[in-house]
Amino acid sequence: MSATQPYTIQTLPVLKGLEPELQRVVDKMRSTTTVQMELLDEALAYVVAAGGKLIRPAQAILSACIEREVDDKVISLAASVEMVHTATLVHDDMIDNAELRRGNPTLHKLLNPASAVLLGDFLFAQAAKWAADTDNIRVVQIFSETLMTIVQGELRQMWAQF
C-alpha cells in the first residue's frame, strides 16, 4: 500500500495559476498523520496520493480571494473541502463495493470494510479540525450542514434499494 513517493499535482489548464496554493493544500493533506499507528498513516498516504483534479479546493481558494489574501486559514479551508470529498470517496467505494478508484484498489479491498469506514471517519474528523482552524463559525456551520446532507443522501440512496 505504499504511496509515500513525492506527489506532484496535476491540475486542469485553467487552474495553472493556482498551482502554488493547490500544492500547499496537497502538502497539508499529505501531512496528516497519527500517533503510533503506522498502518493508518500508510492508508492515509495511499488515499491522499490517489489525487484528483483539485477543483473543490480551487473553488474554495478562488472564493476566499474575493475577500482576502491566501493565507494559512484559506489553505485549511481548501484542504478541509478536499478532505471531505476524499472521505466520501472512501465511504462510497465501500458502500458500492467498488474494486478500483482512479485505477488503484480501493481501501476496503486492501484492508477491510470496517477499517475503510473508520479511515473515512478519521478523514471527516481531520476535515472538521481544518474547518475549525479557519476561526470562522460560519465555515464550521456550513461544514456540519454539508456532512449532514452527505449522510442523508447516502442513506436515501441505500434505503431506496430496499
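The values are calculated or read from the model by the stated rules, or taken from the named source; none is laboratory data. Every value quoted in this text rests on a predicted model; they were computed, and no experiment measured them. Glycine also receives a Cβ, built like all others from the backbone with ideal geometry; neighbour counts cover every protein chain displayed. Side chains included, ligands, DNA and RNA excluded: accessible areas come from the protein's heavy atoms. Shrake-Rupley method; radii C 1.70, N 1.55, O 1.52, S 1.80 Å.
Would you confirm whether any residue within segment 42-57 is acidic (Asp, Glu), over 13 Å from the mean Cα position of the chain (by Cα) and within 28 Å of Leu111 (Cβ to Cβ)? Write out each step before concluding.
Looking only at segment 42-57, we keep the residues that are acidic (Asp, Glu), and these are 42.
Pick out the ones that are also over 13 Å from the mean Cα position of the chain (by Cα) and you get 42.
Keeping just the survivors that are within 28 Å of Leu111 (Cβ to Cβ) gives 42.
Checked against the condition, which is being acidic (Asp, Glu), over 13 Å from the mean Cα position of the chain (by Cα) and within 28 Å of Leu111 (Cβ to Cβ), segment 42-57 yields at least one hit.
Counting the residues of segment 90-124 that are part of a helix (DSSP H, G or I) and open to solvent by 60 Å² or more (accessible area, probe 1.4 Å) gives 8. Scanning segment 28-42 for residues that are at pLDDT 85 or above and either under 16 Å from Val84 (Cα atoms) or polar (S, T, N, Q) (or both) yields a count of 4. Return a yes/no flag: does segment 106-125 have any residue that is among the small types (Gly, Ala, Ser) and touching a helix residue (DSSP H, G or I) at 6+ places or on another chain (Cβ under 7 Å). Yes, segment 106-125 contains a residue that is among the small types (Gly, Ala, Ser) and touching a helix residue (DSSP H, G or I) at 6+ places or on another chain (Cβ under 7 Å).
Just one of the listed residues (Leu54, Leu147) is farther than 21 Å from Ile9 by Cα, open to solvent by less than 70 Å² (accessible area, probe 1.4 Å) and either touching a residue at least 40 places away in the same chain (Cβ under 8 Å) or not basic (Lys, Arg) (or both), namely Leu147.
Just to be sure, is Leu111 hydrophobic (A, V, I, L, M, F, W, C) and in contact with a Ser or Thr (Cβ under 6 Å, 6 or more places away or on another chain)? It would help to see each step written out before you state the result.
Working: hydrophobic (A, V, I, L, M, F, W, C): yes; in contact with a Ser or Thr (Cβ under 6 Å, 6 or more places away or on another chain): no.
No; evaluated as a whole, the condition is false for this residue.
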